[in-house]
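What follows is one structure encoded as C-alpha coordinates, with my remarks underneath.
The values are calculated or read from the model by the stated rules, or taken from the named source; none is laboratory data. Note that this is a predicted model, so its numbers are computed, not measured. Every residue, glycine as well, gets a Cβ built from its backbone with ideal geometry; the counts of neighbours run over all protein chains shown. What goes into the accessible areas is simple: the full protein's heavy atoms, side chains included, and nothing from ligands, DNA or RNA. Shrake-Rupley method; radii C 1.70, N 1.55, O 1.52, S 1.80 Å.
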Amino acid sequence: MTNDQPQPYNSAKIKGNNMTTKIRTRFAPSPTGYLHIGGARTALFNWLFSRHNGGEFVLRIEDTDQQRSTDESTKAILDAMAWMGLNWDEGPHFQAQRVDLHRDMVQKLINEGKAYVCTCTPEELENKRKEALATGKKPKYDGTCREKNLKKSPGSVVRFRGAQTGITLVKDLIKGNISFNNDELDDLIIERGDGYPTYNFAVVVDDAMMNITHVIRGDDHVNNTPRQILMYQALGFDVPEFAHVPMILGSDKARLSKRHGATSVMAYKEMGYLPEALVNYLVRLGWSHGDQEIFSQKELIDYFTLDNVGKSPAVFNPEKLLWLNAHYIKEANPARLMEEMKPLWSAGTDATDAVFTKKVIADLQPRVKTLLEMADMANFYFTDSIQYEEQAAQKFLVPEVAAHLKAMASAIPTVRNFSKEGLEEFLKTFIEERGIKFKIIAQPLRVALTGKTVSPGIDEIMVTLGKDRVVQRINAAIAAIENRNK
RNA sequence: GGUCCCAUCGUCUAGUGGUUAGGACGCUGGCCUCUCACGCCGGAAACCGGGGUUCAAGUCCCCGUGGGACUACCA
(Lines give C-alpha, C1' and ligand atoms only; values in the text may rest on other atoms or scores of the structure.)
Protein backbone atom coordinates (compact mmCIF):
# COMPACT_ATOMS: atom_id res chain seq x y z
CA MET A 1 0.00 0.00 0.00
CA THR A 2 1.17 3.48 -0.68
CA ASN A 3 1.73 5.86 2.15
CA ASP A 4 0.84 8.95 0.24
CA GLN A 5 -2.79 8.98 1.16
CA PRO A 6 -3.97 10.91 4.19
CA GLN A 7 -4.72 8.54 7.02
CA PRO A 8 -8.41 8.73 7.75
CA TYR A 9 -9.36 9.02 11.36
CA ASN A 10 -12.53 8.74 13.30
CA SER A 11 -14.01 12.03 14.21
CA ALA A 12 -15.78 12.70 17.45
CA LYS A 13 -18.00 15.12 15.63
CA ILE A 14 -21.67 14.46 15.73
CA LYS A 15 -22.36 11.89 13.10
CA GLY A 16 -25.61 10.97 11.51
CA ASN A 17 -26.10 8.02 13.79
CA ASN A 18 -24.87 9.68 16.92
CA MET A 19 -26.89 12.82 17.37
CA THR A 20 -26.72 12.66 21.12
CA THR A 21 -23.05 13.62 21.43
CA LYS A 22 -22.90 16.74 23.52
CA ILE A 23 -20.45 19.37 22.49
CA ARG A 24 -17.73 19.79 25.05
CA THR A 25 -14.97 22.37 24.91
CA ARG A 26 -12.24 23.09 27.37
CA PHE A 27 -9.82 25.75 28.39
CA ALA A 28 -6.53 24.33 29.61
CA PRO A 29 -4.14 26.99 30.86
CA SER A 30 -0.89 26.19 32.57
CA PRO A 31 -0.62 27.90 35.94
CA THR A 32 2.68 29.59 35.33
CA GLY A 33 1.46 33.17 35.52
CA TYR A 34 -1.64 35.34 35.32
CA LEU A 35 -4.34 34.95 32.67
CA HIS A 36 -3.21 37.01 29.73
CA ILE A 37 -5.13 38.59 26.89
CA GLY A 38 -4.44 35.80 24.44
CA GLY A 39 -5.46 33.07 26.83
CA ALA A 40 -8.55 35.00 27.77
CA ARG A 41 -9.68 35.17 24.17
CA THR A 42 -9.09 31.46 23.71
CA ALA A 43 -11.12 30.80 26.84
CA LEU A 44 -13.84 33.15 25.58
CA PHE A 45 -14.09 31.41 22.21
CA ASN A 46 -14.34 28.03 23.89
CA TRP A 47 -16.95 29.32 26.27
CA LEU A 48 -18.99 30.96 23.54
CA PHE A 49 -18.81 27.93 21.31
CA SER A 50 -20.09 25.63 24.02
CA ARG A 51 -22.78 28.07 25.10
CA HIS A 52 -23.93 28.65 21.54
CA ASN A 53 -24.27 24.93 21.00
CA GLY A 54 -25.79 24.14 24.35
CA GLY A 55 -22.68 22.18 25.24
CA GLU A 56 -20.38 22.07 28.21
CA PHE A 57 -17.27 24.02 29.02
CA VAL A 58 -14.55 22.28 31.00
CA LEU A 59 -11.69 23.92 32.84
CA ARG A 60 -8.48 21.99 33.22
CA ILE A 61 -5.31 23.25 34.81
CA GLU A 62 -2.23 21.86 33.08
CA ASP A 63 0.17 21.79 35.95
CA THR A 64 2.47 18.96 34.97
CA ASP A 65 5.44 21.28 34.90
CA GLN A 66 6.34 20.94 38.55
CA GLN A 67 9.01 23.63 38.31
CA ARG A 68 6.92 26.45 37.01
CA SER A 69 3.39 25.78 38.21
CA THR A 70 2.09 27.66 41.25
CA ASP A 71 -1.13 27.75 43.22
CA GLU A 72 -1.14 31.53 43.07
CA SER A 73 -1.24 31.36 39.29
CA THR A 74 -4.13 28.93 39.39
CA LYS A 75 -6.05 31.26 41.64
CA ALA A 76 -5.21 34.28 39.51
CA ILE A 77 -6.50 32.52 36.41
CA LEU A 78 -9.71 31.42 38.10
CA ASP A 79 -10.30 34.94 39.41
CA ALA A 80 -9.78 36.45 35.98
CA MET A 81 -12.18 34.02 34.37
CA ALA A 82 -14.79 34.70 37.00
CA TRP A 83 -14.38 38.43 36.45
CA MET A 84 -14.97 38.00 32.74
CA GLY A 85 -18.03 35.89 33.40
CA LEU A 86 -16.58 32.75 31.85
CA ASN A 87 -18.17 30.16 34.08
CA TRP A 88 -17.24 26.54 33.62
CA ASP A 89 -19.48 23.51 33.92
CA GLU A 90 -16.84 21.08 35.02
CA GLY A 91 -13.55 21.31 36.84
CA PRO A 92 -11.15 22.70 37.42
CA HIS A 93 -9.45 19.40 36.80
CA PHE A 94 -5.79 19.31 37.69
CA GLN A 95 -3.63 17.47 35.26
CA ALA A 96 -0.97 16.64 37.82
CA GLN A 97 -3.55 14.65 39.76
CA ARG A 98 -4.05 12.44 36.75
CA VAL A 99 -0.48 11.22 36.30
CA ASP A 100 -1.34 7.65 37.27
CA LEU A 101 -3.74 7.58 34.37
CA HIS A 102 -1.14 9.07 32.07
CA ARG A 103 1.45 6.53 33.18
CA ASP A 104 -0.98 3.68 32.55
CA MET A 105 -1.48 4.98 29.05
CA VAL A 106 2.25 5.26 28.55
CA GLN A 107 2.68 1.69 29.70
CA LYS A 108 -0.08 0.56 27.38
CA LEU A 109 1.75 2.11 24.45
CA ILE A 110 5.03 0.51 25.50
CA ASN A 111 3.33 -2.89 25.79
CA GLU A 112 1.94 -2.49 22.32
CA GLY A 113 5.27 -1.43 20.91
CA LYS A 114 3.95 2.08 20.16
CA ALA A 115 6.33 3.75 22.57
CA TYR A 116 9.80 2.95 23.82
CA VAL A 117 12.23 3.79 26.57
CA CYS A 118 15.06 6.15 25.73
CA THR A 119 18.17 6.76 27.78
CA CYS A 120 19.75 9.53 25.78
CA THR A 121 20.69 12.35 28.13
CA PRO A 122 19.55 15.93 27.64
CA GLU A 123 23.16 16.90 27.02
CA GLU A 124 23.59 14.34 24.26
CA LEU A 125 20.36 15.47 22.66
CA GLU A 126 21.32 19.10 22.89
CA ASN A 127 24.64 18.39 21.20
CA LYS A 128 23.01 16.42 18.43
CA ARG A 129 20.53 19.20 17.92
CA LYS A 130 23.25 21.80 17.63
CA GLU A 131 25.22 19.66 15.25
CA ALA A 132 22.21 19.01 13.03
CA LEU A 133 21.39 22.70 12.94
CA ALA A 134 25.00 23.60 12.17
CA THR A 135 25.16 21.19 9.24
CA GLY A 136 21.82 22.37 7.95
CA LYS A 137 19.90 19.23 8.85
CA LYS A 138 16.66 18.80 10.71
CA PRO A 139 17.11 18.94 14.49
CA LYS A 140 15.02 15.84 15.03
CA TYR A 141 15.55 12.88 17.34
CA ASP A 142 17.82 10.45 15.52
CA GLY A 143 16.18 7.29 16.87
CA THR A 144 19.20 6.04 18.80
CA CYS A 145 17.07 4.11 21.30
CA ARG A 146 14.18 3.36 18.97
CA GLU A 147 14.97 -0.31 18.43
CA LYS A 148 16.92 -1.04 21.59
CA ASN A 149 13.93 -2.25 23.59
CA LEU A 150 15.36 -0.74 26.78
CA LYS A 151 13.86 -1.11 30.23
CA LYS A 152 12.96 1.90 32.35
CA SER A 153 15.82 3.10 34.50
CA PRO A 154 16.36 6.15 36.69
CA GLY A 155 16.18 9.22 34.50
CA SER A 156 15.07 7.38 31.41
CA VAL A 157 12.27 8.82 29.33
CA VAL A 158 9.60 7.30 27.16
CA ARG A 159 9.21 8.27 23.53
CA PHE A 160 6.26 7.87 21.23
CA ARG A 161 7.08 5.76 18.20
CA GLY A 162 5.88 8.01 15.42
CA ALA A 163 4.95 6.95 11.92
CA GLN A 164 7.88 7.58 9.63
CA THR A 165 5.94 7.49 6.41
CA GLY A 166 2.61 8.71 5.23
CA ILE A 167 0.69 11.90 5.72
CA THR A 168 -1.39 13.15 8.60
CA LEU A 169 -4.23 15.46 7.78
CA VAL A 170 -5.41 18.04 10.27
CA LYS A 171 -8.96 19.11 9.50
CA ASP A 172 -9.04 22.51 11.08
CA LEU A 173 -12.39 24.22 11.50
CA ILE A 174 -10.80 27.63 11.06
CA LYS A 175 -7.85 27.08 8.77
CA GLY A 176 -9.15 24.25 6.64
CA ASN A 177 -7.16 21.12 5.86
CA ILE A 178 -3.48 21.09 6.70
CA SER A 179 -1.38 18.11 5.78
CA PHE A 180 1.90 17.05 7.30
CA ASN A 181 4.42 14.51 6.15
CA ASN A 182 4.86 12.08 8.99
CA ASP A 183 8.60 11.95 8.43
CA GLU A 184 8.72 15.53 9.65
CA LEU A 185 7.40 14.41 13.00
CA ASP A 186 9.64 13.53 15.92
CA ASP A 187 9.55 10.56 18.23
CA LEU A 188 8.65 12.93 20.95
CA ILE A 189 9.02 12.34 24.65
CA ILE A 190 5.74 11.48 26.32
CA GLU A 191 7.06 10.69 29.80
CA ARG A 192 9.87 12.65 31.33
CA GLY A 193 12.73 11.48 33.45
CA ASP A 194 10.81 12.57 36.53
CA GLY A 195 7.93 10.28 35.62
CA TYR A 196 5.58 13.10 34.63
CA PRO A 197 3.88 13.12 31.25
CA THR A 198 4.74 15.83 28.78
CA TYR A 199 2.17 18.27 27.47
CA ASN A 200 1.62 16.66 24.09
CA PHE A 201 0.77 13.35 25.66
CA ALA A 202 -1.21 14.49 28.68
CA VAL A 203 -3.32 16.80 26.58
CA VAL A 204 -4.31 13.95 24.30
CA VAL A 205 -5.16 11.55 27.12
CA ASP A 206 -7.10 14.17 29.06
CA ASP A 207 -9.01 15.60 26.11
CA ALA A 208 -9.96 12.09 25.07
CA MET A 209 -10.90 10.87 28.55
CA MET A 210 -12.87 14.05 29.21
CA ASN A 211 -14.78 13.58 25.98
CA ILE A 212 -13.75 16.92 24.59
CA THR A 213 -15.37 17.19 21.16
CA HIS A 214 -13.83 20.46 20.01
CA VAL A 215 -10.32 21.56 20.80
CA ILE A 216 -10.22 25.31 20.29
CA ARG A 217 -6.80 26.70 21.04
CA GLY A 218 -4.07 29.05 19.91
CA ASP A 219 -2.46 28.97 16.53
CA ASP A 220 0.85 28.11 18.17
CA HIS A 221 -0.39 24.53 18.56
CA VAL A 222 -0.97 23.66 14.90
CA ASN A 223 2.40 22.00 14.55
CA ASN A 224 1.67 19.83 17.57
CA THR A 225 -1.63 18.66 16.18
CA PRO A 226 -0.48 15.98 13.72
CA ARG A 227 1.55 14.22 16.40
CA GLN A 228 -1.37 14.44 18.76
CA ILE A 229 -3.63 12.92 16.14
CA LEU A 230 -1.17 10.05 15.79
CA MET A 231 -1.33 9.54 19.54
CA TYR A 232 -5.13 9.56 19.62
CA GLN A 233 -4.98 6.83 17.04
CA ALA A 234 -2.30 4.85 18.83
CA LEU A 235 -4.37 5.00 22.00
CA GLY A 236 -7.51 4.00 20.16
CA PHE A 237 -9.38 7.23 20.88
CA ASP A 238 -11.65 9.20 18.60
CA VAL A 239 -9.95 12.33 17.31
CA PRO A 240 -11.75 15.55 18.28
CA GLU A 241 -12.40 18.50 16.00
CA PHE A 242 -9.69 21.12 16.01
CA ALA A 243 -9.95 24.87 15.61
CA HIS A 244 -6.81 26.95 15.81
CA VAL A 245 -7.37 30.62 16.41
CA PRO A 246 -4.78 33.09 15.14
CA MET A 247 -2.45 34.82 17.55
CA ILE A 248 -2.86 38.26 19.01
CA LEU A 249 0.06 40.51 18.14
CA GLY A 250 1.48 43.71 19.56
CA SER A 251 1.71 46.98 17.66
CA ASP A 252 4.98 45.85 16.06
CA LYS A 253 3.29 42.66 14.82
CA ALA A 254 5.30 40.49 17.15
CA ARG A 255 3.50 38.19 19.50
CA LEU A 256 1.79 40.22 22.21
CA SER A 257 3.93 40.52 25.32
CA LYS A 258 4.49 42.65 28.36
CA ARG A 259 6.50 45.19 26.48
CA HIS A 260 3.40 46.11 24.50
CA GLY A 261 1.69 47.20 27.71
CA ALA A 262 -0.64 45.41 30.06
CA THR A 263 -1.29 41.82 29.05
CA SER A 264 -2.86 40.59 32.26
CA VAL A 265 -6.64 40.46 32.29
CA MET A 266 -6.79 41.54 35.90
CA ALA A 267 -4.56 44.52 35.18
CA TYR A 268 -7.43 45.85 33.11
CA LYS A 269 -9.80 45.46 36.02
CA GLU A 270 -7.38 47.44 38.14
CA MET A 271 -7.10 50.12 35.51
CA GLY A 272 -10.83 50.63 35.60
CA TYR A 273 -12.09 48.57 32.71
CA LEU A 274 -15.46 46.86 32.73
CA PRO A 275 -15.39 43.14 31.97
CA GLU A 276 -18.01 43.43 29.24
CA ALA A 277 -15.77 45.94 27.46
CA LEU A 278 -12.82 43.55 27.50
CA VAL A 279 -15.01 40.65 26.41
CA ASN A 280 -16.55 42.68 23.60
CA TYR A 281 -13.13 43.87 22.49
CA LEU A 282 -11.54 40.43 22.60
CA VAL A 283 -14.33 38.70 20.74
CA ARG A 284 -13.97 41.12 17.85
CA LEU A 285 -10.31 40.27 17.58
CA GLY A 286 -10.62 37.55 14.99
CA TRP A 287 -14.37 37.14 15.00
CA SER A 288 -17.04 39.28 13.41
CA HIS A 289 -20.74 39.43 12.77
CA GLY A 290 -21.20 41.71 9.78
CA ASP A 291 -20.69 45.33 10.75
CA GLN A 292 -21.81 44.99 14.34
CA GLU A 293 -19.38 46.24 16.97
CA ILE A 294 -21.34 46.21 20.20
CA PHE A 295 -22.64 42.89 21.49
CA SER A 296 -24.54 41.93 24.58
CA GLN A 297 -23.58 38.61 26.12
CA LYS A 298 -26.76 37.08 24.79
CA GLU A 299 -26.04 38.28 21.26
CA LEU A 300 -22.54 36.84 21.51
CA ILE A 301 -23.90 33.46 22.48
CA ASP A 302 -26.57 33.61 19.79
CA TYR A 303 -24.25 34.66 17.01
CA PHE A 304 -20.93 32.99 17.77
CA THR A 305 -19.79 30.37 15.31
CA LEU A 306 -16.34 29.23 14.25
CA ASP A 307 -17.26 30.02 10.63
CA ASN A 308 -16.87 33.68 11.36
CA VAL A 309 -13.47 33.42 12.95
CA GLY A 310 -10.79 34.87 10.69
CA LYS A 311 -7.55 33.18 9.72
CA SER A 312 -5.14 36.03 10.11
CA PRO A 313 -3.48 37.28 13.28
CA ALA A 314 -4.77 40.47 14.88
CA VAL A 315 -2.95 43.42 16.40
CA PHE A 316 -4.11 44.38 19.86
CA ASN A 317 -5.39 47.94 19.75
CA PRO A 318 -5.73 49.54 23.20
CA GLU A 319 -7.50 52.60 21.75
CA LYS A 320 -10.46 50.62 20.58
CA LEU A 321 -10.70 48.80 23.88
CA LEU A 322 -10.75 52.19 25.55
CA TRP A 323 -13.60 53.30 23.31
CA LEU A 324 -15.61 50.22 24.17
CA ASN A 325 -14.93 50.76 27.83
CA ALA A 326 -16.18 54.34 27.58
CA HIS A 327 -19.26 53.02 25.83
CA TYR A 328 -20.05 50.49 28.53
CA ILE A 329 -19.40 52.97 31.31
CA LYS A 330 -21.88 55.30 29.67
CA GLU A 331 -24.46 52.55 29.43
CA ALA A 332 -23.97 51.17 32.91
CA ASN A 333 -26.35 51.58 35.77
CA PRO A 334 -24.87 54.02 38.35
CA ALA A 335 -25.73 51.64 41.17
CA ARG A 336 -23.69 48.95 39.52
CA LEU A 337 -20.80 51.33 38.89
CA MET A 338 -20.86 52.29 42.53
CA GLU A 339 -19.92 48.70 43.32
CA GLU A 340 -17.21 48.61 40.66
CA MET A 341 -15.80 51.88 41.94
CA LYS A 342 -15.33 50.73 45.52
CA PRO A 343 -11.70 49.63 45.18
CA LEU A 344 -10.85 52.49 42.85
CA TRP A 345 -11.73 55.73 44.65
CA SER A 346 -8.81 58.01 45.47
CA ALA A 347 -7.41 57.84 48.95
CA GLY A 348 -9.52 60.03 51.21
CA THR A 349 -12.68 59.76 49.17
CA ASP A 350 -15.64 59.05 51.40
CA ALA A 351 -18.14 57.41 49.10
CA THR A 352 -20.44 56.20 51.86
CA ASP A 353 -23.30 58.52 50.95
CA ALA A 354 -24.88 56.36 48.26
CA VAL A 355 -27.34 58.94 47.00
CA PHE A 356 -24.65 61.56 46.57
CA THR A 357 -22.14 59.10 45.13
CA LYS A 358 -24.59 57.84 42.57
CA LYS A 359 -25.16 61.40 41.36
CA VAL A 360 -21.42 61.94 41.11
CA ILE A 361 -21.10 58.83 39.01
CA ALA A 362 -23.96 59.83 36.76
CA ASP A 363 -22.36 63.24 36.16
CA LEU A 364 -19.07 61.63 35.17
CA GLN A 365 -20.29 58.63 33.18
CA PRO A 366 -20.43 60.33 29.78
CA ARG A 367 -16.99 61.85 30.08
CA VAL A 368 -14.61 59.17 31.27
CA LYS A 369 -13.02 56.28 29.47
CA THR A 370 -12.03 54.29 32.53
CA LEU A 371 -13.24 53.97 36.10
CA LEU A 372 -9.86 55.08 37.32
CA GLU A 373 -10.33 58.26 35.37
CA MET A 374 -13.70 58.61 37.07
CA ALA A 375 -12.11 58.28 40.49
CA ASP A 376 -9.67 60.99 39.59
CA MET A 377 -12.26 63.32 38.12
CA ALA A 378 -14.54 62.84 41.11
CA ASN A 379 -12.13 64.20 43.66
CA PHE A 380 -13.54 67.71 43.68
CA TYR A 381 -16.99 66.44 44.59
CA PHE A 382 -15.78 64.84 47.77
CA THR A 383 -13.37 67.42 49.10
CA ASP A 384 -14.24 69.86 51.86
CA SER A 385 -12.02 72.61 50.57
CA ILE A 386 -11.48 73.12 46.89
CA GLN A 387 -7.90 73.32 45.71
CA TYR A 388 -7.85 75.78 42.83
CA GLU A 389 -5.66 75.06 39.87
CA GLU A 390 -3.26 77.98 39.78
CA GLN A 391 -3.95 79.04 36.21
CA ALA A 392 -7.69 78.65 36.69
CA ALA A 393 -7.82 80.83 39.77
CA GLN A 394 -5.66 83.47 38.20
CA LYS A 395 -7.78 83.75 35.15
CA PHE A 396 -11.29 83.40 36.55
CA LEU A 397 -11.28 84.18 40.27
CA VAL A 398 -10.85 87.88 39.67
CA PRO A 399 -12.36 90.95 41.40
CA GLU A 400 -14.71 91.66 38.51
CA VAL A 401 -16.74 88.57 39.24
CA ALA A 402 -16.80 88.85 43.01
CA ALA A 403 -20.04 90.84 42.99
CA HIS A 404 -21.76 88.33 40.77
CA LEU A 405 -20.66 85.50 42.98
CA LYS A 406 -21.82 87.30 46.09
CA ALA A 407 -25.20 87.93 44.54
CA MET A 408 -25.45 84.31 43.60
CA ALA A 409 -24.44 83.09 47.01
CA SER A 410 -27.22 85.07 48.56
CA ALA A 411 -29.79 84.17 45.90
CA ILE A 412 -29.27 80.45 45.90
CA PRO A 413 -30.82 79.73 49.30
CA THR A 414 -34.08 81.07 47.90
CA VAL A 415 -34.15 78.60 45.02
CA ARG A 416 -37.02 76.29 45.77
CA ASN A 417 -36.61 73.73 43.03
CA PHE A 418 -32.92 72.76 43.26
CA SER A 419 -33.04 70.44 40.26
CA LYS A 420 -31.57 70.67 36.80
CA GLU A 421 -34.72 72.35 35.52
CA GLY A 422 -35.08 74.60 38.53
CA LEU A 423 -31.48 75.69 38.30
CA GLU A 424 -31.66 76.37 34.61
CA GLU A 425 -34.58 78.65 35.33
CA PHE A 426 -32.78 80.28 38.24
CA LEU A 427 -29.58 80.89 36.27
CA LYS A 428 -31.53 82.32 33.38
CA THR A 429 -33.30 84.90 35.53
CA PHE A 430 -30.13 85.57 37.48
CA ILE A 431 -28.14 86.63 34.43
CA GLU A 432 -31.08 88.50 32.94
CA GLU A 433 -31.53 90.53 36.11
CA ARG A 434 -27.85 91.36 36.19
CA GLY A 435 -27.72 92.01 32.47
CA ILE A 436 -24.87 89.66 31.77
CA LYS A 437 -24.17 86.73 29.53
CA PHE A 438 -23.89 83.35 31.17
CA LYS A 439 -20.37 83.13 29.80
CA ILE A 440 -19.32 85.89 32.17
CA ILE A 441 -19.94 83.78 35.24
CA ALA A 442 -19.76 80.27 33.88
CA GLN A 443 -16.04 79.68 34.19
CA PRO A 444 -15.62 81.58 37.47
CA LEU A 445 -18.49 79.55 38.87
CA ARG A 446 -16.97 76.35 37.59
CA VAL A 447 -13.64 77.16 39.18
CA ALA A 448 -15.39 78.07 42.43
CA LEU A 449 -17.23 74.75 42.47
CA THR A 450 -14.51 72.44 41.16
CA GLY A 451 -11.21 74.28 41.23
CA LYS A 452 -10.82 73.44 37.55
CA THR A 453 -11.74 74.82 34.15
CA VAL A 454 -12.96 71.50 32.89
CA SER A 455 -15.85 69.70 34.52
CA PRO A 456 -19.36 68.38 34.00
CA GLY A 457 -22.06 70.94 33.30
CA ILE A 458 -22.53 73.61 35.95
CA ASP A 459 -26.16 72.78 36.55
CA GLU A 460 -25.28 69.09 36.96
CA ILE A 461 -22.56 69.89 39.46
CA MET A 462 -24.79 72.18 41.47
CA VAL A 463 -27.59 69.64 41.69
CA THR A 464 -25.21 66.92 42.73
CA LEU A 465 -23.39 69.06 45.26
CA GLY A 466 -26.57 70.40 46.77
CA LYS A 467 -27.43 73.88 47.97
CA ASP A 468 -25.25 74.00 51.06
CA ARG A 469 -22.07 72.88 49.44
CA VAL A 470 -22.65 75.18 46.48
CA VAL A 471 -23.11 78.21 48.67
CA GLN A 472 -20.14 77.26 50.80
CA ARG A 473 -17.91 76.85 47.77
CA ILE A 474 -19.01 80.13 46.23
CA ASN A 475 -18.28 81.91 49.49
CA ALA A 476 -14.89 80.26 49.64
CA ALA A 477 -14.16 81.50 46.15
CA ILE A 478 -15.18 85.04 47.09
CA ALA A 479 -12.86 84.86 50.05
CA ALA A 480 -10.08 83.62 47.82
CA ILE A 481 -10.59 86.53 45.45
CA GLU A 482 -10.47 89.01 48.28
CA ASN A 483 -7.43 87.41 49.87
CA ARG A 484 -5.40 87.35 46.77
CA ASN A 485 -6.09 91.00 46.04
CA LYS A 486 -5.25 92.41 49.44
C1' G B 1 17.82 26.11 8.23
C1' G B 2 13.18 22.91 8.10
C1' U B 3 7.83 22.48 8.69
C1' C B 4 3.27 25.00 9.00
C1' C B 5 0.10 29.31 8.91
C1' C B 6 -1.28 34.23 7.32
C1' A B 7 -1.86 38.79 3.82
C1' U B 8 -8.55 44.57 2.35
C1' C B 9 -7.63 51.81 5.10
C1' G B 10 -2.39 53.07 10.61
C1' U B 11 -5.55 49.20 13.55
C1' C B 12 -10.01 45.65 14.05
C1' U B 13 -12.89 43.96 10.12
C1' A B 14 -17.31 43.27 6.06
C1' G B 15 -16.78 41.18 1.36
C1' U B 16 -17.62 34.33 -0.69
C1' G B 17 -16.55 36.35 -9.48
C1' G B 18 -19.87 41.78 -11.55
C1' U B 19 -19.93 46.85 -5.07
C1' U B 20 -18.92 54.33 -6.22
C1' A B 21 -14.76 48.20 -1.90
C1' G B 22 -18.95 48.93 3.52
C1' G B 23 -18.58 49.54 9.04
C1' A B 24 -15.72 50.56 13.59
C1' C B 25 -11.38 52.65 16.50
C1' G B 26 -7.97 56.47 15.81
C1' C B 27 -7.06 61.09 12.98
C1' U B 28 -9.57 65.33 10.98
C1' G B 29 -13.46 69.68 9.34
C1' G B 30 -18.19 71.41 11.19
C1' C B 31 -22.71 71.59 14.29
C1' C B 32 -24.38 71.61 19.42
C1' U B 33 -22.52 74.46 23.78
C1' C B 34 -21.20 77.28 30.34
C1' U B 35 -15.72 74.27 29.91
C1' C B 36 -14.78 69.18 28.78
C1' A B 37 -17.00 65.13 27.14
C1' C B 38 -21.31 62.91 24.85
C1' G B 39 -24.23 63.22 20.44
C1' C B 40 -25.01 64.52 15.22
C1' C B 41 -23.17 65.69 10.09
C1' G B 42 -18.83 65.56 6.73
C1' G B 43 -13.46 64.28 5.21
C1' A B 44 -8.70 61.87 4.37
C1' A B 45 -7.32 56.72 4.49
C1' A B 46 -6.95 49.92 1.98
C1' C B 47 -7.49 45.14 -1.78
C1' C B 48 1.46 43.33 -0.90
C1' G B 49 3.80 42.29 -6.08
C1' G B 50 3.83 39.40 -10.62
C1' G B 51 1.78 35.80 -13.63
C1' G B 52 -2.39 32.96 -14.95
C1' U B 53 -8.09 31.12 -15.13
C1' U B 54 -12.49 33.98 -16.71
C1' C B 55 -16.55 38.10 -20.74
C1' A B 56 -15.37 39.80 -15.64
C1' A B 57 -10.94 38.95 -9.96
C1' G B 58 -10.17 41.96 -3.46
C1' U B 59 -12.66 37.26 -4.27
C1' C B 60 -10.11 31.10 -7.79
C1' C B 61 -4.83 28.95 -9.08
C1' C B 62 0.65 29.45 -9.23
C1' C B 63 5.17 31.99 -8.06
C1' G B 64 7.42 35.73 -5.38
C1' U B 65 7.65 39.15 -1.17
C1' G B 66 6.53 40.29 3.74
C1' G B 67 4.91 38.85 8.60
C1' G B 68 4.00 35.03 12.28
C1' A B 69 4.17 30.17 14.79
C1' C B 70 6.58 25.70 15.84
C1' U B 71 11.17 23.19 15.73
C1' A B 72 12.31 21.51 24.66
C1' C B 73 12.51 15.93 29.50
C1' C B 74 7.45 24.34 28.68
C1' A B 75 2.52 24.41 27.92
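Observations on the structure shown:
- Answer residue from region A:21-60, given it is charged (D, E, K, R), part of a strand (DSSP E or B) and within 13 Å of RNA strand B (Cβ to nearest atom) and is surrounded by the most Cβ atoms within 10 Å (Cβ to Cβ) among those: A:26
- When each of A:339, A:299 is tested for being open to solvent by 30 Å² or more (accessible area, probe 1.4 Å), closer than 30 Å to residue A:251 by Cα, part of a helix (DSSP H, G or I) and away from RNA strand B (no atom under 15 Å from the Cβ), the lone residue that passes is A:299.
- Filter result for the condition that a residue is within 16 Å of RNA strand B (Cβ to nearest atom) and not β-branched (Val, Ile, Thr), over A:75, A:108, A:140, A:114: A:140
- Restricting the first member to region A:242-267 and to residues that are more than 16 Å from residue A:285 (Cα to Cα), and the second to residues that are away from RNA strand B (no atom under 12 Å from the Cβ) and of a type in the set (Gly, Ala, Ser), the beta-carbon pairs closer than 6 Å and six or more apart or on different chains are A:266/A:80.
- Taken as a whole, the condition of being in contact with a strand residue (DSSP E or B) (Cβ under 8 Å, 6 or more places away or on another chain) and modelled with pLDDT of 95 or more applies to residue A:158.
- Those residues of region A:138-178 which are closer than 24 Å to residue A:217 by Cβ, open to solvent by 80 Å² or more (accessible area, probe 1.4 Å) and not charged (D, E, K, R), in sequence order: A:177
- All of A:152, A:140, A:130 fail the test of being farther than 21 Å from residue A:197 by Cα and not aliphatic (A, V, I, L, M), apart from A:130.
- Condition met for residue A:319 (within 13 Å of RNA strand B (Cβ to nearest atom), within 30 Å of residue A:378 (Cβ to Cβ) and not basic (Lys, Arg)): yes
- Condition broken by residue A:151, with the remaining ones in (1) more than 12 Å from RNA strand B (Cβ to nearest atom); (2) closer than 20 Å to residue A:227 by Cβ; (3) assigned to a loop (DSSP other than H, G, I, E, B) satisfied: (2)
- The single condition among (1) modelled with pLDDT of 95 or more; (2) open to solvent by less than 60 Å² (accessible area, probe 1.4 Å); (3) not aromatic (Phe, Trp, Tyr) that residue A:104 does not satisfy is (2).
- Taken over region A:183-199, the criterion of being part of a helix (DSSP H, G or I) and either crowded, with 18+ Cβ neighbours inside 10 Å or modelled with pLDDT of 95 or more (or both) is satisfied by A:199 alone.
- Hits in region A:261-285 (condition: part of a loop (DSSP other than H, G, I, E, B) and surrounded by fewer than 17 Cβ atoms within 10 Å (Cβ to Cβ)): A:261, A:262, A:271
- One residue alone among A:387, A:391 is within 13 Å of RNA strand B (Cβ to nearest atom) and polar (S, T, N, Q), and that residue is A:391.
- Residue check: residue A:228 meets all listed conditions (1) modelled with pLDDT under 95; (2) in a helix (DSSP H, G or I) but one, namely (1).
- One residue stands out among those in region A:359-395 that are of a type in the set (Lys, Arg) and crowded, with 19+ Cβ neighbours inside 10 Å: the one that is nearest to the chain's Cα centre (by Cα), which is A:369.
- Among residues of region A:453-476, those that are within 15 Å of RNA strand B (Cβ to nearest atom) and either of a type in the set (A, V, I, L, M) or in contact with a strand residue (DSSP E or B) (Cβ under 7 Å, 6 or more places away or on another chain) (or both), counted: 8
- Residue selected from region A:61-71 under the condition buried (at least 16 other Cβ atoms within 10 Å of the Cβ) and of a type in the set (Ser, Thr, Tyr), by the criterion farthest from residue A:192 (Cα to Cα): A:69
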